[in-house]
1. Out of curiosity, is residue 215 more than 16 Å from the ligand (Cβ to nearest atom), under 18 Å from the mean Cα position of the chain (by Cα) and either closer than 20 Å to residue 314 by Cβ or in contact (Cβ under 8 Å) with a residue 60 or more places away in the chain (or both)?
2. Taking the conditions exactly as written (on the phi > 0 side of the Ramachandran plot, more than 22 Å from the chain's Cα centre (by Cα) and not assigned by TED's automatic domain parsing to the domain that holds residue 158), does residue 39 satisfy them or not?
3. Among the candidates 148, 121, 104, which residue alone is under 25 Å from residue 225 (Cβ atoms) and in contact with a strand residue (DSSP E or B) (Cβ under 8 Å, 6 or more places away or on another chain)?
4. Show me the strands (runs of 3 or more DSSP E) entirely contained within region 277-395 in which 3 or more residues are surrounded by fewer than 22 Cβ atoms within 10 Å (Cβ to Cβ) and either in contact (Cβ under 8 Å) with a residue 24 or more places away in the chain or aliphatic (A, V, I, L, M) (or both).
5. Of the residues 380, 352, 364, which is farther than 15 Å from residue 218 by Cα, at pLDDT below 95 and basic (Lys, Arg)?
6. Which of the residues that make up region 163-196 are under 25 Å from residue 218 (Cβ atoms) and either of a type in the set (Val, Ile, Thr) or more than 16 Å from the ligand (Cβ to nearest atom) (or both)?
7. Could you tell me how many of the residues in region 164-198 are part of a strand (DSSP E or B) and either touching a Cys at 6+ places or on another chain (Cβ under 7 Å) or more than 22 Å from residue 118 (Cα to Cα) (or both)?
8. Of all the residues that make up region 232-272, how many are part of a loop (DSSP other than H, G, I, E, B) and either over 30 Å from residue 15 (Cα atoms) or more than 14 Å from the ligand (Cβ to nearest atom) (or both)?
Amino acid sequence: MPLIIPVDSDFSIHNLPFGVFSLGEGEKRIGIAVGEHIFDLTHAVEKGWFSNISKETVQTGSLNALIGQGKEITGNIRKTIQSAVKNGTDLSAYLLLQSDVRMHLPVKVGDYTDFYSSEEHAKNVGKLYRDPENALMPNWKHLPVAYHGRSSSIIVSGTSVKRPSGQIKTTEMERPVFGPTRALDFELETGFIIGKNNSMGSPVSTSEASEYIFGMVLLNDWSARDIQKWEYVPLGPFLGKNFATSISPWVVTYEALQPFNVAGPIQQPKVLPYLEFEGDKNIDINLQVNINGTTVSRSNFKYMYWNMEQQVAHHTINGCPLRIGDLMGSGTISGKDENALGSLLEMTHGGKKHVELDDGSQRKFLEDGDEVVISGFCEKEGIRVGFGEVRGQII
Ligand code: MN
């Protein structure tokens, strides 16, 4: 029976993203999303498909070992499935419905770094937190600013987020108080997953970086703005950020995204030589944020000032080793348009205005019970490569 892929599916044969799933509480298996189905790669390898991949590689419950085999191996998996679907091969013994399975974190994340690479977002936040006249810090256009986050609180789409408590001090308060955040926010981001180790002391150049980027996910960097504002000087985000970071379950490969490459913004002043790059390295990914079903933002990954290749080059220029499974967040993705903002902080001007939802209710920040869904896809000449979604509810 040939596999039918709906025309508007995020998971067309041009995509074939990798993920980790289980049937209920069963063992975690590696799968490839195909339309509404999953091709059970673990089962296929156990049955003798892909003789160059050992069973152990696909039985660890994460993609790390498989990714570590290199892009030739993972690329061949995608090509083989693509041909099988095109040729109408009967794959029914290896197919499950996505609606029947539970998705898990796709990789075991070793380290997590979050960049700050959207000029619009950095300006908007700089105006609110610091000086409207000098919203961008002097370093911002010379290097992709980032902080080290925490991998232990990275969660897969569908996992609820508990409202964090912490120290809060507004400008009117003389001293801080302790309590639940009153300014819980989302951040619309993408993330990429490192697919190759570099050894300590060996920087990766922008031209080599593509070998180190396995693929991308959607990312929601949940943020407690009041906790963040009080704690962040001078070392940057800490407890206002590290209570939860959600990612989408399907890793869309770097290769599947290449047809959607576009030029990024002109970088002026000229960057240092180690940050120079060749070709179009931004990617046209349509992004959308819904709160309780109301679309509150439509942005695009192509707006980013710094590209992923530059982020890898900068991250490693001091010799820092990146490891397979590391996660790099893009930073909040905002566009110039006021309907393209990647956080409530920006939409509400720091809580001075509100966003109206379809049910007539208003939000400055997130309330308990609110559900935030970020979705994203690329589309060009009838070819669609999508990410699905990253979903999370506040409890
Ligand atoms: Mn962030």
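1. Here the answer is yes, as residue 215 does meet what is asked.
2. For residue 39, the condition - on the phi > 0 side of the Ramachandran plot, more than 22 Å from the chain's Cα centre (by Cα) and not assigned by TED's automatic domain parsing to the domain that holds residue 158 - is not met.
3. 148
4. 286-291, 294-300, 371-380, 383-393
5. That would be 352, the only listed residue that is farther than 15 Å from residue 218 by Cα, at pLDDT below 95 and basic (Lys, Arg).
6. Within region 163-196, 163, 181, 190, 193, 194, 195, 196 qualify.
7. Going through region 164-198 one residue at a time, the tally reaches 8.
8. Residues flagged as part of a loop (DSSP other than H, G, I, E, B) and either over 30 Å from residue 15 (Cα atoms) or more than 14 Å from the ligand (Cβ to nearest atom) (or both) within region 232-272 amount to 25.
The values are calculated or read from the model by the stated rules, or taken from the named source; none is laboratory data. Everything numeric in this text was worked out from a predicted model, so none of it was measured. Backbone-built Cβ (ideal geometry, glycine too); neighbour counts: all protein chains shown.
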